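**Q** Below you'll find the structure I mean.
The values are calculated or read from the model by the stated rules, or taken from the named source; none is laboratory data. Source: prediction; values computed, not measured. FYI the Cβ positions are ideal-geometry reconstructions off the backbone, even for glycines, and counts take in every protein chain you see.
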Amino acid sequence: MSQRYRSVFAPGLFAGRCYVVTGGGSGIGRCTAHELAALGATVIITGRKLDKLERVAAEIRDDGGAATVMAFDIRDEDAVKQAVATMLEQHGAIHGLVNNAGGQFPSPAQAISKKGFEAVLGANLTGGFLMARELYLRRFMKHGGAIVNMIADMWGGMPAMAHSGAARAGMMNLTQTLAVEWSASGTRVNAVAPGFVASSGLDAYDPSFSSVVLPQMAAAIPLGRLSSEAEISAAIVFLLSDAASFVTGATLCIDGGASLNTKLFPLSGKPANAAFSGFHREKPPAALDVLKKKT
């Protein structure tokens with residue numbers, strides 16, 4: 001492609017650095033991997049499906065960036081240990097981690113099985129802990145680094161997502177704890193809490209979600225729209241950068257004001273500003289067609 005990622009950050013910002021992005025085969029992870037690579041970083045993209053990872057890596061290379069892939073399950077402790085050891089053997093140094101991998105399924109709490117609950121906790125909390133711990137023990141403890149964890153808009157509960165809400169709340173507390181415990185090494189640990197994002201993940205839900213829930217989402221956001229993947233990636237990039245060198249233990253909400261909405265103040269329901277869409281390879285989810293028809 002002739003286009004390149006249109007980042008707001010300075011070209012070459014991460015030249016000579018290497019970052020790991022888990023769940024980099026799609027959605028926010030894919031977008032973040034592209035932006036980091038466009039800014040000069042070598043990106044290690046991880047996930048469970050090798051074909052998805054290779055497609056994203058090929059995109060990055062076609063755009064002139066550097067990317068490698070590694071397929072494994074972050075919930076498997078032995079696999080994480082082996083993967084991190086291999087990453088360091090191949091790349092020599094790793095400067096940061098984006099703990100983006102995760103996933104969940106909508107369900108009333110009473111219908112969630114123990115297996116389902118633990119699977120979501122593993123993907124959104126335990127796996128992120130294992131990745132952070134291994135990179136800390138093998139690299140960051142001596143050389144410092146930056147970690148950005150992914151949580152969500154789970155303030156005040158997360159109805160229909162009890163497993164995910166519990167995992168995300170745990171990840172926020174883990175972020176704060178690690179920020180203190182690992183501070184002496186120069187390791188910074190922060191989190192981002194996206195609200196509703198126009199990402200490929202929307203298409204993974206039942207069609208009824210798109211027709212019923214999605215319009216309600218947009219109407220509850222003070223800025224009147226969903227965010228783009230690039231708006232989440234930009235926040236992650238900032239927290240990884242030297243500009244955030246005195247920021248640790250923080251959770252940055254990227255939700256258009258949704259977490260502040262008491263539902264009592266009347267909202268117009270119309271977009272108050274335009275989305276920043278710097279990602280030249282963005283693929284809007286099909287679920288957004290519902291919103292277009294409603295507006």
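**Q** State whether one or more residues within the stretch 123-143 are closer than 24 Å to SER241 by Cα, out of contact with any His (no Cβ under 9 Å at 6 or more places or on another chain) and among the β-branched types (Val, Ile, Thr).
**A** No, the stretch 123-143 contains no residue that is closer than 24 Å to SER241 by Cα, out of contact with any His (no Cβ under 9 Å at 6 or more places or on another chain) and among the β-branched types (Val, Ile, Thr).
**Q** Here's something else I'd like to know. Might you check whether a residue that is small (Gly, Ala, Ser) and loosely packed, with under 14 Cβ neighbours inside 10 Å occurs anywhere in the stretch 80-92? Reasoning before the result, please.
**A** Of the stretch 80-92, the ones small (Gly, Ala, Ser) are 83, 85, 92.
Next, from what is left, pick out any that are loosely packed, with under 14 Cβ neighbours inside 10 Å: 85, 92.
Within the stretch 80-92, one or more residues are small (Gly, Ala, Ser) and loosely packed, with under 14 Cβ neighbours inside 10 Å.
**Q** So which residues in the stretch 8-23 are out of contact with any Gly (no Cβ under 6 Å at 6 or more places or on another chain) and in a loop (DSSP other than H, G, I, E, B)?
**A** Here is the first cut: in the stretch 8-23, the ones out of contact with any Gly (no Cβ under 6 Å at 6 or more places or on another chain) are 8-11, 13, 16-18, 20, 22.
If the condition is that a residue be out of contact with any Gly (no Cβ under 6 Å at 6 or more places or on another chain) and in a loop (DSSP other than H, G, I, E, B), then VAL8, PHE9, ALA10, PRO11, LEU13, GLY16, ARG17 are the ones that fit.
**Q** Quick one: which residue in LEU13, LEU36, LEU88 is farther than 17 Å from SER233 by Cβ and in contact (Cβ under 8 Å) with a residue 40 or more places away in the chain?
**A** Values: LEU13 fails: farther than 17 Å from SER233 by Cβ; LEU36 fails: farther than 17 Å from SER233 by Cβ.
Step by step, each of LEU13, LEU36, LEU88 is checked, and only LEU88 is farther than 17 Å from SER233 by Cβ and in contact (Cβ under 8 Å) with a residue 40 or more places away in the chain.
**Q** In the stretch 173-194, how many are assigned to a helix (DSSP H, G or I) and either small (Gly, Ala, Ser) or more than 14 Å from ALA250 (Cβ to Cβ) (or both)?
**A** The total comes to 5.
**Q** Can you tell me which of GLY96, GLY65, GLY102 is under 25 Å from GLY145 (Cα atoms), modelled with pLDDT under 95 and surrounded by 14 or more Cβ atoms within 10 Å (Cβ to Cβ)?
**A** So the residue among GLY96, GLY65, GLY102 that is under 25 Å from GLY145 (Cα atoms), modelled with pLDDT under 95 and surrounded by 14 or more Cβ atoms within 10 Å (Cβ to Cβ) is GLY102.
**Q** Here's another thing I want to ask about it. When the residues of the stretch 101-120 are filtered to those that are under 30 Å from ILE236 (Cα atoms) and not in a helix (DSSP H, G or I), which remaining residue is farthest from the chain's Cα centre (by Cα)?
**A** Applying the first criterion (under 30 Å from ILE236 (Cα atoms)) to the stretch 101-120 yields 101-107, 116-120.
Those left that are additionally not in a helix (DSSP H, G or I): 101-107.
Values: ALA101: 7, GLY102: 8, GLY103: 11, GLN104: 14, PHE105: 17, PRO106: 19, SER107: 22 Å.
Residue satisfying both the conditions and the ranking: SER107.
Okay, residues lined up against (1) in contact with an Asp or Glu (Cβ under 9 Å, 6 or more places away or on another chain); (2) modelled with pLDDT of 95 or more:
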residue: ILE147; (1), (2): no, yes
residue: ALA160; (1), (2): no, no
residue: LEU174; (1), (2): no, yes
residue: ALA191; (1), (2): no, yes
residue: VAL197; (1), (2): yes, no
residue: SER208; (1), (2): no, no
residue: SER211; (1), (2): no, no
residue: ALA219; (1), (2): no, no
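**Q** Of everything in the stretch 129-154 that's assigned to a loop (DSSP other than H, G, I, E, B) and closer than 30 Å to GLY256 by Cα, which residue is nearest to the chain's Cα centre (by Cα)?
**A** Of everything passing the filter in the stretch 129-154, ILE151 is nearest to the chain's Cα centre (by Cα).
**Q** Would you mind telling me which numbered condition in (1) outside any loop (DSSP other than H, G, I, E, B); (2) crowded, with 21+ Cβ neighbours inside 10 Å MET217 fails?
**A** MET217 satisfies all of (1) outside any loop (DSSP other than H, G, I, E, B); (2) crowded, with 21+ Cβ neighbours inside 10 Å except (2).
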